[in-house]
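**Student:** Before I ask anything, here is the structure I am working with.
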Amino acid sequence: MDNQQVDCGCDQVVQPLMSTTDALDFLLNAAPKNTNTRSVALDDALGQILASDVCSSINVPGFDNSAMDGYAINLKNDQVNTPGGFTFDITDRIPAGSTGKTINPGCCARIFTGAPTPKGANTVIMQEECELIDNDSKIEIYRPISLNENIRPMGNDITNGDVILKTGIKLRPQDIALAASVGVDTLEVFDKIKVGVFFTGDELVDPGGELKDGQIFNSNRYTLVALLNNMGCEVVNLGNVEDTLDSTCNALEQLKSSCDLIMTTGGVSVGEEDHVKPAVEKLGNLNLWRIKMKPGKPLAFGNVGDSQFIGLPGNPVSAMVTFLLFARPFIRKMQGIENCTNNSIKVAANFNWNKSKPRREFIRVRLDNSTTPAKADQYPKQGSDVLSSMVWADGLIEIPEKTTFNQGEILKFYPLSEMMS
Ligand code: AMP
Ligand code: MG
């Protein structure tokens, strides 16, 4: 941890600034891993986290088969790769789902995609390259023919005993398809984690209500619930909680025994109206971090009983960005996801950064993908209250502290499309 001291705006408290890397490491080390699992049918498995490896007990395909509608031929040695036309008697017909008889040298069978290639067949030629002759009793092929054309060999995709899906993946359609292809009909997945949420701020009014002087609509409530739903969490939402210590403690008490994690927004600074910190400290343990980043800064982490606790800042962009950068990997780890951290790609800044800043910045940018690497343009207003910037942006670029650069600088870009899932 960086021990740089900072004036936090409150007489009695001086808190250290923590780097984003240290904060994330701390959170990931502290995240308790889900141990409860259940079995789900394939149709219910999408987006669940796989809790045990899936092995195949068969080869896929289970037999050599045709990749084409065409003719399976028993090519004689002197017919292999030989120029000039050859004629083959059609001695069988093999649709998918049936098996054929042995084909003698110089003969062939009509065959359809996915049907097992019969004994004797050593190549398959697509029907478009075969001409039916003699009342459709023979085919003639004019081009040189090689062995093993259009034959999909047994085990081409999967071999008996292969681990086809690994513990800790979030199941996608293709994962479910692969399980189905080896005949697995249920998957062991981790139970959903339960997240209790409430929101602080006496200035907040729910959308649909009427604003009086000094009031604002509660957007964080919708941000947080949507983000958690997106991540497949079960959400218990207590809504707005009055800015008093008693109400804040009551809300925590209500959630602590039934939830794996409690999350709040706002009230984590150190003013008299910020009751989250004292409430969590009273009922559990709390680390309040000032993180060396912008937007963001205050982030609270601790526990209330067996429930983990994360308090996000109140400013809407800060709440969303700190959720994505810290809470998301933490929750993914809790969910049992193996690769729980955010992925980034490299993009080029389409602007100069002339002034060195003391904190790491996460700038809302849009990408111009017409160049390689893509160019990132920043939203003109980067304030932590400017929620429009999140709607406009494709993602966040990370600008290290104490740096300046010119247009073209290569930086890390975190796509919102990926983090919002
Ligand atoms: P706080 O962290 O409670 O001091 O709040 C910081 C800023 O975020 C203030 O301007 C609050 O009005 C605003 N804010 C806090 N909670 C919300 C919320 N749920 N929705 C929108 N803005 C909020
Ligand atoms: Mg507040």
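**Student:** Are any residues in segment 145-157 open to solvent by 20 Å² or more (accessible area, probe 1.4 Å) and assigned to a strand (DSSP E or B), and if so, which ones?
**Tutor:** Ile151, Arg152
**Student:** Taking the condition away from ligand 1 (no atom under 16 Å from the Cβ) and outside any helix (DSSP H, G or I), does Val184 pass?
**Tutor:** In short, yes.
**Student:** Now for a separate question. Quick check on my filter: what residues within segment 206-241 are open to solvent by less than 70 Å² (accessible area, probe 1.4 Å), in contact with a Leu (Cβ under 9 Å, 6 or more places away or on another chain) and either without any contact (Cβ under 8 Å) to a residue 24 or more places away in the chain or on the phi > 0 side of the Ramachandran plot (or both)?
**Tutor:** Correct list: Gln215, Asn218.
**Student:** How many of the residues in segment 17-74 are within 30 Å of Phe112 (Cα to Cα), open to solvent by less than 40 Å² (accessible area, probe 1.4 Å) and hydroxyl-bearing (Ser, Thr, Tyr)?
**Tutor:** Qualifying residue count, segment 17-74: 3.
**Student:** Being surrounded by fewer than 23 Cβ atoms within 10 Å (Cβ to Cβ), β-branched (Val, Ile, Thr) and not assigned by TED's automatic domain parsing to the domain that holds Glu398 is the requirement here; does Thr244 meet it?
**Tutor:** Taking the combined requirement at face value, the residue satisfies it.
**Student:** How many residues are assigned to a strand (DSSP E or B) and within 46 Å of the chain's Cα centre (by Cα) when one looks only at segment 116-144?
**Tutor:** Within segment 116-144, residues that are assigned to a strand (DSSP E or B) and within 46 Å of the chain's Cα centre (by Cα) number 5.
**Student:** Here's a follow-up. Being in contact with a Cys (Cβ under 8 Å, 6 or more places away or on another chain), of a type outside the set (Ser, Thr, Tyr) and open to solvent by 50 Å² or more (accessible area, probe 1.4 Å) is true for just one of Asp185, Asp202, Asp162. Which residue is that?
**Tutor:** Asp162
**Student:** On to the next question. So is Pro173 of a type outside the set (Phe, Trp, Tyr) and over 30 Å from Ser39 (Cβ atoms) or not?
**Tutor:** So Pro173 does not fit the description; no.
**Student:** Please determine, by comparing only the residues of segment 80-105 that are touching a strand residue (DSSP E or B) at 6+ places or on another chain (Cβ under 6 Å), in a loop (DSSP other than H, G, I, E, B) and touching a residue at least 24 places away in the same chain (Cβ under 8 Å), which one is least open to solvent (accessible area, probe 1.4 Å).
**Tutor:** In this case the residue turns out to be Ile103.
**Student:** Please specify each residue of segment 261-274 satisfying the condition of being open to solvent by 30 Å² or more (accessible area, probe 1.4 Å) and either within 9 Å of ligand 2 (Cβ to nearest atom) or basic (Lys, Arg) (or both).
**Tutor:** Result: Ser269, Gly271, Glu273, Asp274.
**Student:** Being touching a Ser or Thr at 6+ places or on another chain (Cβ under 9 Å), under 18 Å from Phe405 (Cβ atoms) and not in a strand (DSSP E or B) is the filter here; which residues of segment 337-354 pass it?
**Tutor:** Asn352, Asn354
**Student:** Something else: Let me spell it out: the conditions are (1) assigned by TED's automatic domain parsing to the domain that holds Ser258; (2) at pLDDT below 95, and Pro358 meets all of them except one. Which number is the exception?
**Tutor:** Failing condition for Pro358: (1).
**Student:** Also, I was wondering about something else. Taking segment 187-208 on its own, how many of its residues are within 15 Å of ligand 2 (Cβ to nearest atom), out of contact with any Phe, Trp or Tyr (no Cβ under 9 Å at 6 or more places or on another chain) and part of a strand (DSSP E or B)?
**Tutor:** 3
**Student:** Ok, one more. Name the pairs whose Cβ atoms lie under 6 Å apart, with the first residue in segment 188-200 and closer than 29 Å to Asn240 by Cβ, the second away from ligand 1 (no atom under 16 Å from the Cβ) and of a type in the set (Asp, Glu), and 6 or more positions between them or separate chains?
**Tutor:** Correct list of pairs: Lys192/Glu234; Ile193/Asp260; Lys194/Glu234; Lys194/Asp260.
The values are calculated or read from the model by the stated rules, or taken from the named source; none is laboratory data. Just so it is clear, the structure is predicted and the values come from calculations on it, not from any experiment. Backbone-built Cβ (ideal geometry, glycine too); neighbour counts: all protein chains shown. In case anyone asks, the SASA skips ligands and DNA or RNA and just uses the protein heavy atoms, side chains included. Shrake-Rupley method; radii C 1.70, N 1.55, O 1.52, S 1.80 Å.
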